1. Of all DSSP beta bridges located in the chain, what percent are antiparallel, nearest 5?
2. Rounded, prolate or oblate: which fits region 1-76 when a ≥ b ≥ c are the square roots of the eigenvalues of the alpha-carbon gyration tensor, with rounded for a/c under 1.5 and prolate only if a/b beats b/c?
3. In sequence order, what are the phi-derived ³J(HN,Hα) couplings for region 153-163 according to the Karplus relation 6.51 cos²θ - 1.76 cosθ + 1.60 with θ = phi - 60°, rounded to whole Hz, with x for glycine and proline?
4. When you count, for each residue, the other Cβ atoms within 10 Å and take the mean per peptide, how do 153-163, 35-45 rank with the highest first?
5. Need one word for region 1-137: rounded, prolate or oblate. Basis is the Cα gyration tensor (sqrt eigenvalues a ≥ b ≥ c); a/c below 1.5 gives rounded, then a/b vs b/c decides.
6. Which of Leu150, Leu50, Leu122 ends up with the largest GNM mean-square fluctuation for the chain, with Cα atoms connected below 10 Å?
7. If you build a Gaussian network model of the chain, linking Cα atoms that sit under 10 Å apart, which residue out of Lys53, Lys118, Lys138 swings the most?
8. Quote the relative contact order of the chain in percent (integer), defining contacts as alpha-carbon pairs under 8 Å separated by 6+ residues.
Amino acid sequence: PAMIHHRPEDIAVIGLGSGDTLFSVGGRHETAQITCIEILEPQLEGLRLLHEKRPYGGLESLLTDTRINYIFGDGRIHTGSNSKKYDIIEADALRATSAFAGNLYSYESFGLLQSRLKPGGLAVTWAPTQRVLETFLKVFPHVLNFDSVLIGSDEPIHFDQRVVASRLN
């Protein structure tokens, strides 16, 4: 999504996990601020310890990126109680089969993401089931589907492979 958006200055990632999603959204120099909302505070320390034992360039970049602001708490609660708007919100929080995952893959949750996007903003989620896909399509009028990774917006999404390839280079 960071390579598709025309100018992703403010990005939020809900869920730290292995750090790959958070690392990948930082790939554009236009991005000034990245907010990572993680429910398990020890997850960040776990990544630091992993990097000490098995150094990895991507993880090192993630751990030293000064654009990242970590917020430890529930992503949905934080998003709902904060009026900040983002160019991209990527929800990478939970497997759909995990307990209470329905709260994150619901019409209300996707609507909450939609309400926190700037004009032309992109919401991103994984759609492991047909139900998640159908729910996301009810909220966002414009959607790109990349093998179950959905990118949605209130405005048409301009996807130009040449532009994306250039940004990736």
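The values are calculated or read from the model by the stated rules, or taken from the named source; none is laboratory data. This one's a predicted model, so the numbers in the text were calculated from it and none came from an experiment. For neighbour counting, all protein chains shown are included, and Cβ atoms are generated from backbone atoms with ideal geometry for every residue, glycine included. Just so you know, the surface numbers come from the protein's heavy atoms only, side chains and all, with ligands and any DNA or RNA stripped out. Shrake-Rupley method; radii C 1.70, N 1.55, O 1.52, S 1.80 Å.
1. Details: 9 of 27 bridges.
Bridges in the chain are about 35 percent antiparallel.
2. Working: a/c = 2.26, a/b = 1.32, b/c = 1.71.
Taking the square roots of the gyration eigenvalues as a ≥ b ≥ c, region 1-76 is oblate.
3. 7, 7, 10, x, 9, 8, 10, 10, 4, 5, 5
4. Details: 153-163: 12.4, 35-45: 17.3.
Packing order, densest peptide first, comes out as 35-45, 153-163.
5. On the way: a/c = 1.76, a/b = 1.28, b/c = 1.37.
Oblate, since a/c reaches 1.5 and b/c is not below a/b.
6. Between Leu150, Leu50, Leu122, it is Leu50 that shows the largest mean-square fluctuation.
7. Comparing Lys53, Lys118, Lys138 in the GNM, the peak value goes to Lys53.
8. On the way: 287 pairs, mean separation 39.0, N = 169.
Computed value for the chain: 23 percent relative contact order.
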